[in-house]
1. Relative to the longest principal axis of the chain, what angle (0 to 90°, nearest 10) does the C-alpha long axis of helix 197-207 take?
2. Quick one: check the C-alpha center-to-center distance for segment 162-184 versus segment 8-75, whole angstrom.
3. Residues with amide H under 5 Å of Val59's amide H, sequence separation 5 or more or different chain, H placed in the peptide plane at 1.01 Å from N; which?
4. Taking +1 at the Cβ of each Lys and Arg and -1 at the Cβ of each Asp and Glu, which of Thr270, Tyr31, Gln299 sits farthest along the dipole of the chain towards its positive end, judged by Cα position relative to the Cα centre?
5. Assuming R0 = 41 Å, can you tell me the calculated FRET efficiency for the pair Thr270 and Gln150, based on Cβ-Cβ distance, to the nearest 0.05?
6. Return the carbon/sulfur percentage of the accessible area of segment 204-327, one whole number, probe 1.4 Å, all protein chains in place.
7. Check the straight Cα-Cα distances from Lys35 and name the aspartates and glutamates below 19 Å, setting aside those fewer than 8 residues away within the same chain.
8. Sort out for me the Cα centre separation of segment 86-102 from segment 252-287, rounded to whole Å.
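The values are calculated or read from the model by the stated rules, or taken from the named source; none is laboratory data. Only a predicted model underlies this, so the values are computations on that prediction, with no experimental measurement involved. All Cβ positions, even for glycine, are placed from backbone atoms using ideal geometry, and neighbour counts span all protein chains on display. SASA here: full protein model, heavy atoms, side chains in, ligands and nucleic acids out. Shrake-Rupley method; radii C 1.70, N 1.55, O 1.52, S 1.80 Å.
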Amino acid sequence: MKNNKITDSTILVTGGAGFIGSYVVEELLNYNPKKIIIIDNFIRGTIENMANFANSPIVEFIEGDIRDTALLEQSISRSDYVFHMAALRINACAANPRDGFEVMIKATYEVADLCVKYKIKKVIYSSSASVYGLAQHFPTPETDSPYDNQTFYGGAKMWGEQLFRSFKFMYGLDYVALRYFNAYGPRMDTDGKYTEVMIKWLDCIKDNKNPVIHGDGSTTMDFVYVTDIAKSNVAALLADVTDESFNIGCNIETSLKELLEIILEVNNSTLEPQFVETKTVNPVSKRLADISKARNLLQFEPHVDLHSGLKELSDWYFKKKIKNQLA
Ligand SMILES: NC(=O)c1ccc[n+]([C@@H]2O[C@H](COP(=O)([O-])OP(=O)(O)OC[C@H]3O[C@@H](n4cnc5c(N)ncnc54)[C@H](O)[C@@H]3O)[C@@H](O)[C@H]2O)c1
């Protein structure tokens, strides 16, 4: 696929060995870039995630930390575009806010500063639906306020958006921020400390144990498949759009109870959900994205429905577990 903006460009992807980042790299490769530089410290990313492009002469992988400003400078000085995706997970930020500060805030500042210095043509910043906390309106438009957010992670993402906004205003740095809702798909973290609930349920199916739902399962989310997110990133680069934030979701609300039912169905499982009372209140009990802005300005359209996406995720998960058992 030929496109003037990407073809012959060098593109830096921070966090490119991660779940979403590795799909963004794959999507970019369809547009024949001159070079893709990846910086990832493997705190979550893996070599395995990059298997589909490990041998590509176009991709230069650097195992390194975005807190290393000299490394950032060495990479950004050679780049035309930057996808800034390296980040700590929401629970990791809560467990260690100082690390959160250094990665999400300080290193993001250095990224923005160097992007100005080296006249980067556009930055695509991975933000999050967490900026809203519990939103005021459903479906939630981008204009909802971030004041109900209570998490360090959501605050840091909002700060990142505002940082790029101010650098656009002061220095003309073009950027787009993408607020992903609930991302899922193959290459999700299956073994780490902070695995998502759908992975925990797949673990239950593997072990033939009834999957546990904490609470009544009425909490809702807006799930969006990882390849659709990757496409939104490339669309954000290609579109003639700057200084904007976009919700990236499916505009479909799914409760945890419904999610579990679909996971059981696609795996032909007869296990029964086990409801366990919980004292902890989830402050974000509902998520539903208004994606009309992304539809209009990025021509974004989610293509993978939850059934097909969960089938892909399940097949990948079981293949991986069998491979690990044999290893
Ligand atoms: N997964 C989701 O549901 C979701 C939702 C909203 C926003 N996001 C955002 O999307 C982006 C990608 O998320 P993901 O789900 O692929 O997570 P991920 O953890 O798989 O990817 C992040 C990558 O950044 C790397 N990284 C972390 N700290 C680093 C550092 N100091 N130096 C270099 N590399 C570092 C990790 O090793 C990892 O490969 C992140 O910015 C995340 O906050 C994700």
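1. 50
2. After rounding, the separation between the Cα centres reads 20 Å.
3. For Val59, the qualifying residues are Ile36.
4. The residue sitting farthest along the positive end of the dipole is Tyr31.
5. 0.60
6. Carbon and sulfur together cover 50 percent of it.
7. Asp8, Glu26, Glu27, Glu60, Glu63, Glu73, Asp80
8. Using only Cα atoms to place each centre, the spacing works out to 26 Å.
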